[in-house]
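*Asks:* I have a structure I would like to understand better, so I am pasting it below and will then ask my questions one at a time.
All of the numbers you see were taken from the coordinates with simple rules; none came from a lab. This structure is a prediction, so every number in the text was calculated from the model and none was measured. Virtual Cβ from ideal backbone geometry, glycine too; neighbours counted across all protein chains shown.
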Amino acid sequence: MATITSEPVAGPRPLALRDAVARWLDREAVFSWLMMALPLLFLFALVGYPFVYGIWLSLENRPVAQAGTFVGLGNFIEDARDPVFWQVARNTFIYTGAATVLKMIGGLALALVINQSFRMKNFVRAALLLPFIVPTVLSTVAWMWMLDPAFSVVNWMLVHMGIASRGPSWLGNPALAMASIIMINTWRGLPFYGITLLAGLQTIPQDLHEAAAIDGAGSWTRFWHITLPLLKPVILIVTVFSVIFTFADFQLVYVLTHGGPANATQLFATYAFDIAMSGGQLGRGASVALAMLPILGLLIIGLTTYMRSHE
Amino acid sequence: MIERRGWRWRALRLWLPLGFFLVTGLAPFYWMAVTSLKPNAELYNTHIMPLVVYHPTLKHYVDLLTETSFLTWTWNTTVVAVASTAISLVLGIMLAYPLARTRFAGAGLIAATVAATYLVPQPFLFIPLADIINSLGLSNTLTSLILTYPTMLIPFCAWLLIGYFKTVPRELEEAARIDGANRFQTMTRVVLPLCIPGFISAGIFAFTLSQNEFLYALIFLTKTDVRTVPVGAIAELIRGDVFYWGQLMAAALLGSLPVALIYSFFVEHYVAGLTAGSVKA
């Protein structure tokens, strides 16, 4: 603070004022809030406000480009009486559950496979992550073509390997359409699990494995008693993370099946889109989207709390 | 490897599963490439072996570039991705820095809110946002995307950068403060230059996320000349029941190329960004 005391006592007043302002700006809390003001304002305006506005919309009968009328829980009551809504709920649970299990098991297998030492490891790891990098819509279009009713290359392979006499209509049959979206979601999401779990595996000290091996533990025992317990936090975070975004998935289904055939692959997000954007019923659409809130809200709060307690 | 067993063991545990993952993972890309190079006569002939191209042609690429607005869509996608990535990085830094390096009342609450915001999926927001964008008169402008993409990207960048900022030793900051630097100068001259790898990670990740975005672009953009690649391909290369498969696959391949190229240059940074949330936490 030598600089301050050595200044002439009769210095010009504006300078003293500027000093005071500078010192005020440099206070920890003032600096922090000033820095955060703009991003927080931005997020408040474009996440916080729309979120609250969405809740308000769900309580209104609101045709597009017209004024809304307040209907209370009317939209939600209509949802509960709508058989398609319950079909959508079932579809979403089946889709999320099946895809999550497949991604978790496949991803763990992938991580264990790449965790071995081999040549060109970095290159292989980079190539394996491609399905996750490429824009989903574009890779889904490729899958759509691979499952085309007339020219499906998947069916061509099934027939020529003698597995089937003629290929099924993948996207035309309700059960197969659901299987297809689960398969493609798994194809895209599995590398994310694999690479993240691999990073988790690499934090496990090699000494632990060596010590256990000296004590006579086989590789299976070591997997159950060392690898899996130490990997549990990473598996948990990745899984909850992926469940949230699979539950609310839109693009894959919108592009591949549009929710068809006969709503067999309709999910909450695509159904909300159909009602709000194609049908012009913003209020009802918002209520369908918000039907995901109880489950996703709990998962989001749970995951946030868990991640913060593990810092 | 602790065990040293024979090649059979290694084939069973490494090469066989690795081969399976590589083939299933990359087959769709092979199929995109093969399809985009086939003339229509070959594409729609079910009597020949489909896995190879007999008479490769660039016709689908030429048609895509000359008869559709693909180049405009690519330009739009790039403008949106660059602008929203830049905004998100700057605002993400402003948000993350105090959360990582200063102490103030409410910091914990803000950090939790930022993490939760990152986890809010788009379907919660698209209907109200469509209405808001519409009433602001921003429909069919790239601005609508440049404003809304950062809502997903800022929380992600901030979350990632908090981790990076925390790794810079406090002593460096204290030394700068003793030399008379104020907090802002300490940040810009001491801490930020040390965190450039973090900015690259966050930037690459934000860039690929913007290129991947579909829902907002689908809702806000209904005119050809403002569309992005994913929406343009879906809305204009599929006309009713007619699919232009050759052009669609050419578009899928070309549309994936910028992301794949940038990704291949910065794989390590990308992987660091991908795993930061779950492993460091």
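*Asks:* Toward the positive end of the charge dipole of the stretch B:62-280, about the Cα centre and with charges on Cβ (Lys, Arg +1; Asp, Glu -1), which of B:148, B:175, B:83 goes farthest?
*Replies:* B:175
*Asks:* What is the Rg over Rh value, at two decimals, for chain A, using alpha-carbon atoms and the Kirkwood definition of Rh? Walk me through the numbers on the way to the answer.
*Replies:* Working: Rg = 27.3 Å, Rh = 24.1 Å.
Over the Cα atoms of chain A, Rg/Rh equals 1.13.
*Asks:* Within 10 Å of each Cβ of B:23-33, how many other protein chain Cβ atoms are there on average? Intermediate values should be presented prior to the final figure.
*Replies:* Numbers: counts 0, 6, 12, 4, 6, 15, 6, 2, 6, 7, 1.
Neighbouring Cβ atoms belonging to other protein chains average 6 per residue here.
*Asks:* Equivalent ellipsoid semi-axes for the protein assembly as shown, as square roots of 5 times the alpha carbon gyration tensor eigenvalues: give them largest first, rounded to whole Å. Could you put the intermediate results ahead of the total?
*Replies:* On the way: eigenvalues 363, 219, 118 Å².
Those come to 43, 33, 24 Å.
*Asks:* Counting C-alpha atoms alone, how compact is the stretch B:1-104: give Rg to one decimal and Dmax as a whole number, in angstrom.
*Replies:* 24.4, 72
*Asks:* Further question on the same structure: What's the center-to-center distance, using Cα atoms, between the stretch A:69-144 and the stretch B:17-44 in Å?
*Replies:* 22
*Asks:* Set Lys and Arg Cβ to +1 and Asp and Glu Cβ to -1, take the dipole of chain B about its Cα centre, and tell me which of B:251, B:117, B:106 lies farthest positive.
*Replies:* B:106
*Asks:* Let me ask something else. Rounding to the nearest 20 debye, state how big the charge dipole of chain B is about its Cα centre with +1 on each Lys and Arg Cβ and -1 on each Asp and Glu Cβ.
*Replies:* Numbers: 18 positive and 14 negative charges, 201 e Å.
Taking the Cα centre of chain B as origin, the dipole is about 960 debye.
*Asks:* Take the Cα coordinates of the stretch B:90-150, assign each an equal point scatterer, and use the Debye formula without solvent to give log10 I(q)/I(0) at q = 0.17 Å⁻¹.
*Replies:* Result of the Debye calculation: -0.74.
*Asks:* Take every residue in peptide A:299-307, count the Cβ atoms of other chains within 10 Å of its Cβ, and give the average of those counts. Intermediate results must be reported in sequence, preceding the final value.
*Replies:* On the way: counts 1, 7, 3, 0, 5, 9, 3, 1, 9.
Going residue by residue through A:299-307 and averaging, the value is 4.
*Asks:* Mind checking the mean number of beta-carbon atoms from other chains within 10 Å of the Cβ atoms in A:196-206? Walk me through the intermediate numbers first.
*Replies:* Working: counts 7, 3, 3, 8, 3, 1, 2, 2, 0, 0, 1.
Taking the mean over all residues of the peptide, I get 3.
*Asks:* Here's something else I'd like to know. Straight-line reach from residue B:223: which aspartates and glutamates have Cα under 14 Å away, leaving out those fewer than 8 places along the same chain?
*Replies:* Result set, ordered by chain and number: B:236.
*Asks:* Pop out the Kirkwood hydrodynamic radius of the stretch A:143-200 from its pairwise C-alpha distances, inverse of mean 1/r, in Å to one decimal.
*Replies:* On the way: mean 1/r = 0.0784 Å⁻¹.
This gives a value of 12.7 Å.
*Asks:* Counting alpha carbon pairs within less than 8 Å and at least 6 residues apart, what relative contact order, in whole percent, applies to chain A?
*Replies:* That works out to 26 percent.
*Asks:* Based solely on its DSSP helices, what 222 nm [θ] is calculated for the protein assembly as shown when runs of n ≥ 4 H residues each add -39,500 (n - 2.57) and the sum is averaged over all residues, nearest 500 deg cm²/dmol?
*Replies:* -21500 deg cm²/dmol
*Asks:* Using every alpha carbon pair in the stretch B:218-263, what percent of pairs falls into each 10 Å bin from 0 up to the bin containing the largest distance?
*Replies:* Final binned percentages: 26, 48, 25, 1.
*Asks:* Continuing with this model, one more query. Please report, for the Cα atoms of chain B, the Rg to one decimal and the Dmax as a whole number; what are they, in angstrom?
*Replies:* According to the Cα coordinates of chain B, Rg and Dmax are 23.7, 80 Å.
*Asks:* Each residue of the stretch B:95-104 in turn: what ³J(HN,Hα) in whole Hz from Karplus with 6.51, -1.76, 1.60 and θ = phi - 60°, glycine and Pro shown as x?
*Replies:* 7, 6, 4, x, 5, 8, 10, 10, 10, 8
*Asks:* How do the peptides B:205-215, B:135-145 rank, highest first, by the average count of neighbouring beta carbon atoms within 10 Å per residue? Let's see the in-between values first.
*Replies:* On the way: B:205-215: 23.7, B:135-145: 16.7.
Per-residue mean Cβ counts within 10 Å order the peptides as B:205-215, B:135-145.
*Asks:* For A:79, B:179, A:148, B:63, what ranking results if the residue with the fewest other Cβ atoms within 10 Å of its Cβ goes first? Don't skip to the answer; put the middle values down first.
*Replies:* Working: A:79 22, B:179 10, A:148 18, B:63 15.
Least to most surrounded, the residues fall as B:179, B:63, A:148, A:79.
*Asks:* What is the distance, in nm, between label points placed 7 Å from the Cα along the Cα-to-Cβ direction at residue B:79 and at residue A:26?
*Replies:* 4.4
*Asks:* Could you check which residue among B:186, B:46, B:74 shows the biggest mean-square fluctuation in a GNM of chain B with a 10 Å Cα cutoff?
*Replies:* B:46
*Asks:* Let me ask you something else. Give me the extension gain from residue A:55 to residue A:308: residue separation times 0.36 nm, minus the current Cα-Cα distance, reported in nm with one decimal. Working shown, then result.
*Replies:* Details: separation 253, 0.36 × 253 = 91.08 nm, distance 2.77 nm.
Residue separation times 0.36 nm, minus the Cα-Cα distance, leaves 88.3 nm.
*Asks:* What nm distance separates the two modelled labels at residue A:115 and residue A:262, each placed 7 Å from Cα along Cα→Cβ?
*Replies:* Taking the two extended label points, one gets 4.6 nm.
*Asks:* Quick one: which residues, 5 or more positions from residue A:60 or on another chain, have an amide H under 5 Å from its amide H? H modelled 1.01 Å from N in the peptide plane, none for Pro or chain starts.
*Replies:* Distant-sequence amide H within range of residue A:60: A:71.
*Asks:* Quick one: if you stick a label point 7 Å off each Cα along the C-beta vector at residue A:301 and residue B:46, how many nm between them?
*Replies:* A separation of 5.5 nm, rounded to one decimal place.
*Asks:* Determine which lysines satisfy two conditions relative to residue A:232: a Cα distance under 17 Å, and not lying fewer than 8 residues away in the same chain.
*Replies:* The reachable lysines, counting only those whose Cα sits under 17 Å from residue A:232, are A:103, B:280.
*Asks:* I would also like to ask the following. Could you please state, rounded to a whole Å, how far the C-alpha centre of the stretch B:162-204 is from the C-alpha centre of the stretch A:232-300?
*Replies:* Cα centres, the stretch B:162-204 to the stretch A:232-300: 40 Å.
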